[in-house]
Amino acid sequence: MSTNRHLQMLIKKRLKGDFIVESQENSLDEKILIRKNHLIQVANFLNKDPDASLDLLLDITCLDHGENQLEVFYLLRSSKLGYRLSISILLDESEPTLPSLSSLYASAIWLEREMWDMFGILAEGHPHLSRLIMYAGFAGHPMRRSYPITKEQALVPIYQKT
C-alpha cells in the first residue's frame with residue numbers, strides 16, 4: 001500500500017470529514033491538496049497520530065501561479081517511519097493568509113517568516129512575523145509575479161563595524 005493512500009485513509013477514517021480535495025502520488029513523493037481552513041486540524045493529526053507520525057516540517061515554499069492564485073507547500077517527514085508528504089493549499093492573492101503551524105513545528109517560526117517576506121503570505125498566530133531576508137524598510141514581496149522587476153527601493157545605510 002502506498003504511503004499516500006495510507007495517509008488518505010487515516011485522515012478520512014479518523015478525522016471523519018472530506019479534508020482532501022485532491023491527491024497525487026509517485027514513487028518518491030506524495031501530495032495532498034487541502035483547504036486552508038483544514039490546515040491546523042490535518043497538520044495536528046499528522047503530527048500526533050502514531051500511524052502518521054509526520055513530526056518534522058522540512059520546508060514551506062510557495063508558488064505564484066499568476067491570475068491571483070498562490071500555492072503554498074508544506075513538506076513534512078516522519079523521522080520514525082521515513083516517508084514524506086507534501087500538503088498543498090491554494091490561496092487567492094487578495095486574501096493571502098494561513099494559520100501558523102508554529103505551535104506544532106518549531107521550524108515553522110523561520111519558514112513562515114520567509115513565506116511572509118518573499119510572498120506576503122500572512123501566518124496568523126505567528127509569534128513574531130517580521131522580515132527575514134529583506135531589510136525592514138523593503139516595500140513589497142519580491143517573489144510575487146505582481147512585483148515590478150524594475151522597482152527601486154530606498155537605500156539603507158551600510159553597516160560599518162566600529
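Data table
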{"quantity": "Qualifying residue in segment 26-33 (condition: surrounded by 15 or more Cβ atoms within 10 Å (Cβ to Cβ) and more than 23 Å from Met118 (Cβ to Cβ))", "calculated": "yes"}
{"quantity": "Pick from segment 46-97, criterion among the β-branched types (Val, Ile, Thr) and within 9 Å of the chain's Cα centre (by Cα), ranking: surrounded by the fewest Cβ atoms within 10 Å (Cβ to Cβ)", "calculated": "Thr61"}
{"quantity": "Residues located in segment 78-126, provided they are at pLDDT below 95, over 23 Å from Gly66 (Cβ atoms) and not hydrophobic (A, V, I, L, M, F, W, C)", "calculated": "Ser78, Ser79, Lys80, Gly82, Tyr83, Arg84"}
{"quantity": "Odd one out for Ala43, checked against (1) closer than 23 Å to Leu15 by Cα; (2) at pLDDT 95 or above; (3) touching a strand residue (DSSP E or B) at 6+ places or on another chain (Cβ under 6 Å); (4) not acidic (Asp, Glu)", "calculated": "(3)"}
{"quantity": "Pair list, Cβ < 6 Å and 6+ apart or interchain, from segment 72-96 residues that are closer than 11 Å to Leu54 by Cβ to residues that are among the hydroxyl-bearing types (Ser, Thr, Tyr)", "calculated": "Leu75/Ser86; Ser78/Ser53; Lys80/Ser53; Leu81/Ser53; Tyr83/Thr3; Ile87/Tyr74"}
{"quantity": "All positions within segment 59-102 that are in a strand (DSSP E or B), among the aliphatic types (A, V, I, L, M), under 21 Å from Asn47 (Cβ atoms) and in contact with a helix residue (DSSP H, G or I) (Cβ under 9 Å, 6 or more places away or on another chain)", "calculated": "Ile60, Val72, Leu76, Leu85, Ile87, Ile89, Leu98"}
{"quantity": "Residue list for segment 105-129, restricted to those being under 12 Å from the mean Cα position of the chain (by Cα), of a type in the set (Gly, Ala, Ser) and surrounded by 18 or more Cβ atoms within 10 Å (Cβ to Cβ)", "calculated": "Ala108, Ala123"}
{"quantity": "Residue under evaluation Pro50, criteria (1) of a type outside the set (Asp, Glu); (2) at pLDDT below 95; (3) in a helix (DSSP H, G or I), criterion not met", "calculated": "(3)"}
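The values are calculated or read from the model by the stated rules, or taken from the named source; none is laboratory data. Small disclaimer: the values here were computed from a predicted structure and weren't measured. So basically every Cβ, Gly included, is an ideal-geometry build from the backbone, and we count neighbours across all protein chains shown.
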